[in-house]
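J.: Quick one: the structure is below, questions incoming.
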Amino acid sequence: MTKPVSGVLFDVDGTLVDSVYLHVVSWWQAFRQHGHDVEAARIHRAIGMGPDRILGHLLGADRDERADDGLRAAHSSLYAAYWARLRPLPGARRLLERCRARGLRSVLCTSASKAELGALLACLDADPLIDTVTSADDAGESKPAPDIVEVALKRSGLSADEVVFVGDSVWDVQAAGHLAIPCIGLTSGGVSAAELLDHGAATVYEHPQDLCDHLDEALTTAFRVALSHT
């Protein structure tokens, strides 16, 4: 990062919205419906990948791929039943407001489908504070590939050296890392601070309110880590 920070790329599930464990339950049920007994802990660790990757990651390359569409449809249907119960994580809107007050552009960069993204945006109720929105449908490959991050940069007019990424999964950290974008981790998705740091997060906070309360410190740390890697 060589320019002043101009924008923040945000993951959404587990970063701004408390939805990770609803995804876990929905995938667990979808797998059971299709004869697969996949442990919830394994599913949890895969959340953050897009639907194009998660099945191969959890079921292996030798699975019957003809069942993939049915599995994804089952997950989508089961998860949709929870949409009305989605809630913002603590301080999510306040963090977006703080970014706006500091002149930072907020860009949503998620592996969610467009349909799921609509529910997430309705939950956040913060459209005036969001400058650009991208979803898994906008990219060739989902996280940990950097495709969706590249789309977000292109649409927002920002460059990789003037943004930070905020996410809750190791897949977020890896996707940002492919483009040398420093990542601020949040443990609100259930991944430990140690694991996020081990995968390359510049610094870690508990949830959006924690980051909001320490935003200047977080951006300074991310900037310093980015410089140390150049």
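The values are calculated or read from the model by the stated rules, or taken from the named source; none is laboratory data. Quantities reported herein were computed from a predicted structural model and do not represent experimental measurements. Reconstructed Cβ throughout: ideal geometry from the backbone, glycine too, with neighbour counts over all protein chains shown. Keep in mind that these areas ignore ligands, DNA and RNA; they rest on the heavy atoms of the full protein, side chains included. Shrake-Rupley method; radii C 1.70, N 1.55, O 1.52, S 1.80 Å.
J.: Restricting to the stretch 80-110, name every residue that is more than 20 Å from Val151 (Cβ to Cβ) and among the basic types (Lys, Arg).
T.: The answer is Arg85, Arg87, Arg93, Arg94, Arg98, Arg100, Arg102.
J.: To continue, here is another question. In this structure, does Ala126 turn out to be open to solvent by less than 40 Å² (accessible area, probe 1.4 Å), among the small types (Gly, Ala, Ser) and closer than 27 Å to His214 by Cα? If you could, list the steps in order and put the result at the bottom.
T.: On the way: open to solvent by less than 40 Å² (accessible area, probe 1.4 Å): yes; among the small types (Gly, Ala, Ser): yes; closer than 27 Å to His214 by Cα: yes.
For Ala126, the condition - open to solvent by less than 40 Å² (accessible area, probe 1.4 Å), among the small types (Gly, Ala, Ser) and closer than 27 Å to His214 by Cα - is met.
J.: Sticking with this one: Considering every residue within the stretch 21-38, establish whether at least one is in a loop (DSSP other than H, G, I, E, B) and under 26 Å from Leu129 (Cα atoms).
T.: Let us first name the residues in the stretch 21-38 that are in a loop (DSSP other than H, G, I, E, B), namely 34-38.
Next, from what is left, pick out any that are under 26 Å from Leu129 (Cα atoms): none.
Within the stretch 21-38, none of the residues are in a loop (DSSP other than H, G, I, E, B) and under 26 Å from Leu129 (Cα atoms).
J.: Against the definition (crowded, with 23+ Cβ neighbours inside 10 Å and of a type in the set (Lys, Arg)), how does Lys154 come out, yes or no? Even if it seems obvious, please write down each step before you answer.
T.: Details: crowded, with 23+ Cβ neighbours inside 10 Å: no; of a type in the set (Lys, Arg): yes.
No.
J.: A follow-up question, please. Looking only at the stretch 78-90, filter to residues that are within 29 Å of Thr132 (Cβ to Cβ) and in a helix (DSSP H, G or I); which one of those is most open to solvent (accessible area, probe 1.4 Å)?
T.: Among them, the one singled out is Arg85.
J.: I would also like to ask the following. Being assigned to a loop (DSSP other than H, G, I, E, B), surrounded by fewer than 20 Cβ atoms within 10 Å (Cβ to Cβ), modelled with pLDDT under 95 and among the aliphatic types (A, V, I, L, M): is that true of Ala61 here? If you could, list the steps in order and put the result at the bottom.
T.: Values: assigned to a loop (DSSP other than H, G, I, E, B): yes; surrounded by fewer than 20 Cβ atoms within 10 Å (Cβ to Cβ): yes; modelled with pLDDT under 95: yes; among the aliphatic types (A, V, I, L, M): yes.
Yes, satisfied.
J.: Restricting to the stretch 1-35, give me the number of residues that are charged (D, E, K, R), closer than 20 Å to His178 by Cα and surrounded by fewer than 22 Cβ atoms within 10 Å (Cβ to Cβ).
T.: Residues of the stretch 1-35 that are charged (D, E, K, R), as a first pass: 3, 11, 13, 18, 32.
Imposing the further condition that a residue be closer than 20 Å to His178 by Cα reduces the set to 3, 11.
With surrounded by fewer than 22 Cβ atoms within 10 Å (Cβ to Cβ) added as a condition, the list becomes 3.
Qualifying residue count, the stretch 1-35: 1.
J.: Being within 17 Å of Gln33 (Cα to Cα), of a type outside the set (Ser, Thr, Tyr), open to solvent by 50 Å² or more (accessible area, probe 1.4 Å) and part of a helix (DSSP H, G or I) narrows it down to one residue among Arg93, Arg72, Arg100; which is it? Outline the logic, then answer.
T.: Numbers: Arg93 fails: within 17 Å of Gln33 (Cα to Cα); Arg100 fails: within 17 Å of Gln33 (Cα to Cα).
Step by step, each of Arg93, Arg72, Arg100 is checked, and only Arg72 is within 17 Å of Gln33 (Cα to Cα), of a type outside the set (Ser, Thr, Tyr), open to solvent by 50 Å² or more (accessible area, probe 1.4 Å) and part of a helix (DSSP H, G or I).
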